Amino acid sequence: MSMQAELAAPAAGRAGFLSETTARRIEAVILPLAALLAGMIAFAIFLAFLGKSPLDFYLLVYKAGFGTAFSWTNTLARAAPLLLAALCVALPARLGLVIIGGEGAIVLGGVAAGAVATLVPGLPGPAGIIAMALAAAAAGGLWIGGVGALRHLRGVNETIASLLLAYIAIALMNHLVEGLLRDPASLNKPSTAPLPETWRIGEIPGLGVHWGLAVGILACIASWVLIERTTWGFAARIVGGNVRAAQIQGLPAGLLAIGFTALGGAFAGLAGMFEVAAVHGSANASLAAGYGYTGILIAFLARHNGLAIIPAAILFAGFEASSGLVQRRLALPDATVLVLEGMVFIAILLSDTLQDRFRFLAFLERRQK
Amino acid sequence: MTDDIGLWGVPLAILGGAIRVSTPFIFVSVGECLTERSGRINLGLEGTLVFGAMSGYAVAYHTGSPWLGTLAAAFAGLLFGLLHGFICKLPRVNDIAIGIALMIFGTGLAFFFGKPYVQPVAPDLPAIPLGFWSSLPQVQAALNINVLFIAGIALAFAASWMLKNTRIGLTIRVVGDSADAARALGINVNRVRLWSTAAGGALAGIGGAYLSLYYPGSWNEGISSGQGLMAVALVIFARWSPVNCLYASLLFGGAGALGPALQSVGVSSGYYLFYAAPYALTLGLLVATSSRTRAMPSAPGELSIIK
């Protein structure tokens, strides 16, 4: 495709105004957006077949997810853990590692935060919050960093290992929350002891959303800088392109793999900490809410680019925030959003086949000398 | 003779559990084995398993026949396999990522359509009471063997024989070991992989039907706890041999039965840790059998996860 376009272009004479790099960059933005749209259209057809109005569905999603100030608050609060969960997929992905067990790091991060509150409840507020954040990041970082280490040291497939570890993490959480760390006062839903009031993380003034959102956005920006603007990120991208070439260049592929997986895991662990400290108030089974799995989709939609994760996470947070209203108004099951996510995911992966081959903006490029 | 057999109940319950719990593992892992021998990996079998469980249960409920349900589950699995195989035919599409997407999609569809079937009761698949000679209820319970378990054993041996001795088996192996060699022989690589993935999907669908129609024997959203995924890991441990998949499945079934078996004799602390035993076992075996420096012996050369 691109070969033909390249050959045909000089004869036709390119009257365009873009450099080839710019044209390719715009294409790299348009293609995932088109895939997102295609997935949403496929879901609309699916709904129409079931006799439900797709228009009503998307209007409700808009209303419940983005229509009012209240719905924005709700959406952004859900976006906070999704941003951090998506980074747990995106950072290792730049090295060519497909990590899908972020859920485990979120859960353990939350449990670590709850454990700190149980073990040293006497700390003053800010110190307690810092201790929780450190414990959560360490738990998540060790968990997912361990996957990177297994990959590097033993060649264990990281995709399967990370998902198995997610199941183990949830079992570990249940074990701790119902045993060692259980607050005897929590009867119906076993939980850790409630956080001291001063340890609770408050809202960003004027926004009504907890500080996890700000941390998530900062983490996304920092990850983008790390990947695109530092030598470590450059080395990671080379490893992701071709491990053998990177090793011949003397790049520490193994250390990079461990470092990036650990960093991603630490972010996911922080997501768990914010769920505990800003939302639930204690660690319990609500931590396994599926944020880790939606994060996979968000990272792929954003093509593992830290900045693109921000709008992608907000979009899917809006979809998930609208789930309740859609269920009630359209009498659709709660798994509706899961079907939509599956369709969008498939459409995005299908668009990979067109990436860099379907040069639909070639006609806008400047004539080459 | 009293019914109290004390600690002997533990190995007996593990044996019974191994037989009951292993059947879905057998079907999914033998199916995945065929897919992987053709050089592709389908991580979406977890979604296929859940959708198979739902569709099998729904059809069995409406028709009153668990066998029609099993057939429907196999057909649904076949469609999921075809979808995976078809998408992976396109250039530059990552089979692992497609598997993850299909895992979400299959699970989502199953929950979406399965909502009305959580309450109704569908007929179960029949079991053969091979423990009739014993007066002990524990022995009878352990040896109450489902027809699909026997079919699974036959399937594992048949698949091994097919891979080794038939033209189809040879074709699958050539495609899995070297796509270039296969093309040179005039084999349509994509078509072989498409149908190998479809067959794997159909078997995973049957595994799902076993879950909802026999053990645990009802449809709900928590029906699969990652069996589809563990089965994929199990194929690596089984070194891509269907008969080894059978043995590994039995081992996993036993590990999965450990928690409930210990609970039945009064060991209840650490229940959740025993629940994690199959996952930990899978991971431990993966770590033990993987290697950084050399390709795994008998691994299909085209497989993306070992490159």
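Observations, loosely collected:
- With respect to being surrounded by fewer than 20 Cβ atoms within 10 Å (Cβ to Cβ) and on the phi < 0 side of the Ramachandran plot, B:Arg193 falls outside the description.
- Test: residue in region B:271-280 that is more than 15 Å from A:Ala171 (Cα to Cα) and not polar (S, T, N, Q): no
- Unique residue being more than 19 Å from the chain's Cα centre (by Cα), of a type in the set (A, V, I, L, M, F, W, C) and more than 16 Å from A:Ile201 (Cα to Cα) when the list is A:Leu97, A:Leu119: A:Leu119
- Scanning region B:240-294 for residues that are at the interface with chain A (Cβ under 7 Å from one of its Cβ atoms), in a helix (DSSP H, G or I) and over 26 Å from B:Val10 (Cβ atoms) returns B:Leu286, B:Val287.
- Consider region B:114-146 and keep the residues that are in a helix (DSSP H, G or I) and under 22 Å from the mean Cα position of the chain (by Cα). The one that is nearest to A:Val98 (Cα to Cα) is B:Gly114.
- Filter result for B:Leu102 (under 21 Å from A:Val98 (Cβ atoms), within 11 Å of chain A (Cβ to nearest Cβ) and either more than 21 Å from the chain's Cα centre (by Cα) or free of Cβ contacts under 8 Å to residues at least 24 places away in the same chain (or both)): no
- With respect to (1) within 14 Å of chain A (Cβ to nearest Cβ); (2) in a helix (DSSP H, G or I); (3) in contact with a helix residue (DSSP H, G or I) (Cβ under 7 Å, 6 or more places away or on another chain), the lone exception for B:Thr70 is condition (1).
- When each of A:Ala331, A:Ala362, A:Ala335, A:Ala321 is tested for being over 30 Å from B:Val118 (Cα atoms) and hydrophobic (A, V, I, L, M, F, W, C), the lone residue that passes is A:Ala362.
- Qualifying residue in region A:53-64 (condition: away from chain B (no Cβ under 13 Å), more than 18 Å from the chain's Cα centre (by Cα) and small (Gly, Ala, Ser)): yes
- A:Ala86 fulfils the conditions (1) of a type in the set (A, V, I, L, M, F, W, C); (2) assigned to a helix (DSSP H, G or I); (3) within 13 Å of chain B (Cβ to nearest Cβ); (4) closer than 25 Å to A:Val239 by Cβ except for a single criterion, (3).
- Flag if A:Leu95 is aliphatic (A, V, I, L, M) and not in a helix (DSSP H, G or I): yes
- Residues of region B:112-135 classified as facing another protein chain (nearest Cβ under 7 Å) and in contact with a helix residue (DSSP H, G or I) (Cβ under 6 Å, 6 or more places away or on another chain), total: 1
- Residues of region B:120-167 classified as surrounded by 15 or more Cβ atoms within 10 Å (Cβ to Cβ) and closer than 30 Å to B:Val192 by Cβ, total: 11
- Cβ-Cβ contacts under 9 Å between residues 6 or more apart (or on different chains), taken from a first residue in region A:159-172 that is within 7 Å of chain B (Cβ to nearest Cβ) to a second residue that is of a type in the set (Lys, Arg) and assigned to a helix (DSSP H, G or I), are listed as A:Ala161/A:Arg151.
- Lone qualifier among B:Leu109, B:Leu82, B:Leu78 - being facing another protein chain (nearest Cβ under 9 Å), in a helix (DSSP H, G or I) and of a type outside the set (Asp, Glu): B:Leu109
- Qualifying residue in region A:116-138 (condition: in contact with a Ser or Thr (Cβ under 6 Å, 6 or more places away or on another chain) and crowded, with 24+ Cβ neighbours inside 10 Å): no
Computed from the coordinates by the stated procedures, all read-outs in this text should not be read as laboratory data. On a predicted model such as this, the values are computed, not experimentally measured, just so you know. Please note: Cβ atoms are built from the backbone with ideal geometry, for glycine as well, and neighbour counts cover all protein chains shown.
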